[in-house]
Amino acid sequence: MSEIRIRYTELGKSFARRRLFEDLSLSLESGAALLLGGENGAGKTTLLRILAGLEKPSHGLVDFGAGEVAWQRCRKILQRRVMYLHQAPYMFEGSVARNLELALPRGLSKSRRDEKIRRALEWARLDGLSGARAKTLSGGEKQRVSLARAWLRQSKILLLDEPAANMDRESQLRTAALLRRLKAARVALALASHNHEVFDELIDRRLLLEDGKLHAARAPALPENVTRLAAGRLRRAAKARR
Amino acid sequence: MNTLGAATLEAFALLFRGDAGLWEIIGISFRVSCAAIAIAIPPAVLAAFALAHFEFPGRRLLISLSNTLLSLPAVVVGLTVYLLLSRQGPLGDWRLLFTQPAMVLAQILLAFPILVSMGHAAFQAADRRAWETARMLGIPPARTFFMVVGEVRFGLLAAMLAGFGRIIAEVGASMMVGGNILHHTRNIPTAIALETSKGNFSQGIALGIVLLVMAFVLNMLLQYFQGRGRIAL
Amino acid sequence: MKPFRRIAPLLLVCAAVFAAPGAFASETLVRLATTTSTDNSGLLRHLLPQFERESGYRVQVISAGTGKALKLGESGDVDVVLVHAPKSERRFMDLGHGVDRRTVMENDFILVGPRADPAGLRRAASAADAFRRMHRAAHAFVSRGDDSGTHKKELSLWRAARVNVADENAWRLEVGRGMGASLQIAGELQAYMLIDRATWLFAGAQSELQLLYEGGAELRNPYGVIAVNPARHHVNYPGARALIEWLVSERGQSAIGGYTAGGARLFTPSAR
């Protein structure tokens with residue numbers, strides 16, 4: 001399996017009235033998991049979407065190992081190679097099986113397709129849900145369908161936006177287990193998450209997006225740090241309001 | 001005025017006896033309006049999608065334009081088509097004035113703004129995630145487009161019904177460009193106008209009943225699909 | 001998108017039908033139902049101001065086909081009718097709907113059509129021959145199809161020519177419109193059409209059609225005026241009477257004879 005390393009540099013995003021972040025650098029590597037921390041509104045989602053080629057940065061360079069290229073020029077490549085999973089994954093009309101089928105190349109024989117779908121259902125612990133209407137699944141089940149789609153598509157780079165949001169503890173653990181298996185299969189992972197202790201043992205590097213900058217944070221002290229930092233800021237903000 | 005009661009009774013008799021002339025007029029109405037909707041839908045859906053999905057200069061202008069055209073009076077459309085197709089007009093050589101294709105053309109123009117406007121709203125309400133997810137799953141843009149169309153199908157169906165409702169009951173443009181020719185371009189609304197002017201109320205009432213029943217059915221369907229559209233999101 | 005919006009016009013029409021009689025009734029108002037040909041030819045705009053000046057009455061014109069005009073009279077929605085369908089007029093009188101019928105004027109019908117004249121109407125020996133030729137050629141023919149005096153005349157001419165047109169829908173096009181609109185359609189379709197000379201002189205120039213057959217007693221077009229029977233309905237009989245008297249008077253008749261369009265006289269006064 002070919003190893004991947006994408007390095008992003010000088011990433012910046014500004015809106016008409018506000019600068020979200022500026023001059024960020026980070027890299028994604030096969031078999032490595034990156035955790036992106038930071039408060040709501042710090043720009044984690046925007047950053048992930050830029051990494052996936054979905055949202056335009058104000059500035060940015062990308063290096064696939066053959067020299068830096070402007071983000072704009074490799075947007076299509078990013079979209080093709082990077083899989084971004086929305087915080088609330090989108091389910092298309094139809095059954096779970098049909099949603100999984102979408103990730104398979106067309107032209108597969110029916111028996112091959114059914115076999116792959118069956119294995120994906122098994123992989124993602126979705127047994128028995130094959131015929132269920134995907135839009136009616138729970139948050140955790142939808143997350144696993146979207147992971148199964150990524151698995152079927154054999155995505156090498158996976159970005160997850162709050163993968164533990166809107167689900168119970170058991171679903172979080174199941175999601176974490178699937179991510180562990182993807183990591184073992186040398187998929188590059190990046191997670192934006194508040195609520196990350198379920199993913200702790202999976203994470204190799206932690207970055208904190210705060211005030212428009214990325215700070216390296218050391219594991220495993222980060223969670224408490226983040227919580228404390230956030231709490232401190234809330235207190236200060238509350239005081240200022242008074 | 002006891003003629004109203006008698007005319008209404010006779011109207012029901014005409015409808016249920018299967019009066020050939022009456023049902024021919026109803027058939028022409030449906031044929032013309034269905035053709036107009038069928039032709040208008042593909043370009044209207046593409047336009048609505050483009051307006052909702054792409055950023056390009058003039059986009060906002062086009063959106064307000066299509067919303068403005070919603071209230072375009074039918075007679076203005078009729079006049080425009082008339083002038084285009086008249087023997088002295090630029091398309092006079094086609095010899096289409098006072099034919100069904102001329103009515104279809106006018107009805108396309110009438111339905112188009114409704115289809116675009118409501119279609120645009122439907123696509124706007126559709127989740128961006130649908131498009132992004134499909135693209136990241138490696139599905140080519142054309143197929144992704146059809147998938148998104150599938151996702152908002154109730155909204156598009158509602159647009160179609162609303163457009164159909166406007167053109168099937170429209171009298172001004174049909175009268176002007178169709179000419180209300182019996183067996184050829186006489187449809188329900190122009191026939192009602194004519195029968196009333198002849199003082200032949202029972203035919204008018206019978207056709208009016210057809211339109212009323214249809215308006216009712218269309219509105220029921222519209223409400224149903226709009227409800228479905230909301231749940232499906 | 002509310003259902004009411006689609007029903008509203010219908011309700012309005014119903015309301016108007018109920019409200020029309022009586023709503024504007026007044027002593028000085030005369031309501032005249034007449035055919036589209038007298039209105040479209042501009043005759044009424046020429047005559048009525050004179051009558052109004054001399055009599056003090058005001059005339060409200062409802063212009064429709066002869067069939068509708070007589071229906072309006074029958075239901076008492078108007079005070080007086082001016083139409084051109086002698087047979088229907090006689091029936092109207094026989095049924096007691098009207099009183100004081102007088103002949104007012106006449107003009108004649110003509111056949112117009114495309115310059116190329118594929119049916120050869122220019123060589124027709126009689127009106128019946130002309131209609132047989134049109135039937136043979138099966139070239140587009142625009143019929144008023146609105147139960148008007150002209151429509152009735154056309155049907156009687158087909159009958160006289162022994163042509164059964166009941167099922168001829170491919171080339172005989174019933175448009176169900178007034179004289180002016182039908183002429184416009186005939187012009188666009190380059191079709192044949194039976195038209196009264198007044199409308200033709202008044203509006204024919206724009207149509208690209210040509211006068212192809214005229215003359216003969218069959219094509220005479222007499223106009224009659226009838227007051228609605230005051231014993232049947234609450235109508236302005238004195239006003240109707242005044243209008244009829246004026247139309248057949250010396251002054252009225254010379255006003256009719258003096259009305260021209262493009263240098264030609266449109267109607268011939270014929271009151272006796």
task: Say whether the condition of being more than 10 Å from chain C (Cβ to nearest Cβ), in contact (Cβ under 8 Å) with a residue 40 or more places away in the chain, within 22 Å of the chain's Cα centre (by Cα) and under 16 Å from B:CYS34 (Cα atoms) is met by at least one residue in segment B:140-154.
output: no
- request: Give me a count of the residues in segment C:71-81 that are open to solvent by 10 Å² or more (accessible area, probe 1.4 Å) and among the aliphatic types (A, V, I, L, M).
  value: 1
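Show me the strands (runs of 3 or more DSSP E) entirely contained within segment C:161-272 in which 3 or more residues are modelled with pLDDT of 90 or more and closer than 30 Å to C:PRO49 by Cβ.
C:220-228
Kindly state which helices (runs of 4 or more DSSP H) lie completely within segment B:119-212 and contain at least 1 residues that are closer than 27 Å to B:PHE98 by Cβ and either modelled with pLDDT under 90 or not polar (S, T, N, Q) (or both).
Helices (runs of 4 or more DSSP H) meeting the threshold: B:153-168, B:172-178, B:188-198.
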field: Residue selected from segment C:135-152 under the condition more than 10 Å from chain B (Cβ to nearest Cβ) and assigned to a helix (DSSP H, G or I), by the criterion most open to solvent (accessible area, probe 1.4 Å)
entry: C:ARG136
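Listed here are the residues, each with its yes/no results for (1) open to solvent by less than 70 Å² (accessible area, probe 1.4 Å); (2) within 11 Å of chain B (Cβ to nearest Cβ); (3) within 27 Å of A:ASN166 (Cβ to Cβ).
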{"site": "A:PHE64", "(1), (2), (3)": "yes, no, no"}
{"site": "A:ASP127", "(1), (2), (3)": "no, no, yes"}
{"site": "A:ARG133", "(1), (2), (3)": "no, yes, yes"}
{"site": "A:LEU137", "(1), (2), (3)": "yes, no, yes"}
{"site": "A:GLY140", "(1), (2), (3)": "yes, no, yes"}
message: So the check is Cβ under 7 Å with 6+ separation or different chains; which pairs have a first residue in segment A:45-61 that's over 20 Å from A:LEU160 (Cβ atoms) and more than 14 Å from every other protein chain (Cβ to nearest Cβ) and a second one that's assigned to a helix (DSSP H, G or I) and of a type in the set (Asp, Glu)?
response: none
query: Within segment B:126-172, which residues are surrounded by fewer than 19 Cβ atoms within 10 Å (Cβ to Cβ), under 18 Å from B:LEU46 (Cβ atoms) and of a type in the set (Gly, Ala, Ser)?
result: B:ALA142, B:GLY150
- request: Could you tell me which residue of segment A:1-54 is least open to solvent (accessible area, probe 1.4 Å), considering only residues that are within 12 Å of the chain's Cα centre (by Cα) and among the β-branched types (Val, Ile, Thr)?
  value: A:ILE50
- prompt: Looking only at segment C:156-170, which residues are within 14 Å of chain B (Cβ to nearest Cβ) and either open to solvent by less than 20 Å² (accessible area, probe 1.4 Å) or out of contact with any strand residue (DSSP E or B) (no Cβ under 9 Å at 6 or more places or on another chain) (or both)?
  reply: C:VAL165, C:ALA166, C:ASP167, C:ASN169, C:ALA170
Which listed residue is more than 8 Å from every other protein chain (Cβ to nearest Cβ) and either of a type in the set (A, V, I, L, M) or in contact with a helix residue (DSSP H, G or I) (Cβ under 8 Å, 6 or more places away or on another chain) (or both), from B:GLY204, B:GLY199, B:GLY165, B:GLY208: B:GLY204
- prompt: Looking at A:ARG106, is it modelled with pLDDT under 90 and of a type outside the set (S, T, N, Q)?
  reply: yes
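The values are calculated or read from the model by the stated rules, or taken from the named source; none is laboratory data. No experiment lies behind these values; they were computed from the predicted model shown. Every residue, glycine among them, receives a Cβ derived from its backbone with ideal geometry; neighbour counts consider all protein chains shown. In case anyone asks, the SASA skips ligands and DNA or RNA and just uses the protein heavy atoms, side chains included. Shrake-Rupley method; radii C 1.70, N 1.55, O 1.52, S 1.80 Å.
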